[in-house]
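The values are calculated or read from the model by the stated rules, or taken from the named source; none is laboratory data. The structure presented is a predicted model; accordingly, all values stated were derived computationally and were not measured. Here the Cβ positions follow ideal geometry from the backbone for every residue, glycine too, while neighbour counts run over all protein chains shown.
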Amino acid sequence: MKFSELAYNRQSTRAYKSDKIEQSKIISCIEAARIAPSACNSQPWKFIVVDDETLKNKIAQATSNKLLPLNHFTKQAPVHVVVINEGSNFTATLGNKIKNRDFSLIDIGIAVEHFCLQAHEEGLGTCILGWFDEKKVVELLEIPKNKRPELIITLGYSAEEYREKKRKNLEKIMSKNKY
């Protein structure tokens, strides 16, 4: 599959089939994320694959609440991948301070997109979640206090049809030589 096909056809999946995901496909997605570039090669990520149904459902409960109707689809996904910020290495941390920018978040974003594009190539759907009860996720997965879960990726076979992308026109997001 060409990259342009991956980019145009990958979408956030919010309805999943109950089919089990082959371990080899999960490993393929993690491997794609593993080889992503990062500032000063710090690779500030760890991926916790949650496929135990009871634990996965508890993580799903931590992604939604009764007040806001967000993420109620997450229990359908057979796997959740929790992305942990392991922190940058010394050189990247120094760069963070000098440039007042957290490069680990950029790096994690790149790695997660590698994961999601590989998942799409494998015939899987994904949805990247930033809205969740961080304290509950830390507790459920026994994440050390000096580490932070940044994102959760739901993973499974999509039960949705492709939706036409609605994006801003190129002229609205691009300029040349000045703002």
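Here is a yes/no grid of residues against (1) among the hydrophobic types (A, V, I, L, M, F, W, C); (2) in a strand (DSSP E or B); (3) in contact with a Phe, Trp or Tyr (Cβ under 9 Å, 6 or more places away or on another chain):
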{"position": "SER64", "(1), (2), (3)": "no, no, yes"}
{"position": "LEU68", "(1), (2), (3)": "yes, no, yes"}
{"position": "HIS72", "(1), (2), (3)": "no, no, no"}
{"position": "HIS80", "(1), (2), (3)": "no, yes, no"}
{"position": "ALA92", "(1), (2), (3)": "yes, no, yes"}
Can you list the helices (runs of 4 or more DSSP H) lying wholly within region 97-179 that have 1 or more residues being at pLDDT 95 or above, hydroxyl-bearing (Ser, Thr, Tyr) and surrounded by 14 or more Cβ atoms within 10 Å (Cβ to Cβ)? 103-121
Of ILE59, ILE35, ILE48, which residue is within 21 Å of CYS116 (Cα to Cα) and loosely packed, with under 13 Cβ neighbours inside 10 Å? ILE35
Count, please, the residues in region 1-27 that happen to be in a loop (DSSP other than H, G, I, E, B), closer than 15 Å to TYR157 by Cβ and without any contact (Cβ under 8 Å) to a residue 24 or more places away in the chain. 1
Are any of the residues in region 43-53 of a type outside the set (S, T, N, Q), touching a Phe, Trp or Tyr at 6+ places or on another chain (Cβ under 9 Å) and farther than 23 Å from ASN71 by Cα? yes
Pairs, first touching a residue at least 40 places away in the same chain (Cβ under 8 Å) and farther than 25 Å from ASP19 by Cβ in region 158-177, second of a type outside the set (Val, Ile, Thr) and surrounded by 10 or more Cβ atoms within 10 Å (Cβ to Cβ), C-beta under 8 Å, six or more apart: LYS165/TYR8; LYS165/GLN11
Looking at LYS56, LYS46, which is the one that is outside any loop (DSSP other than H, G, I, E, B), closer than 24 Å to ARG148 by Cα, basic (Lys, Arg) and without any contact (Cβ under 8 Å) to a residue 40 or more places away in the chain? LYS56
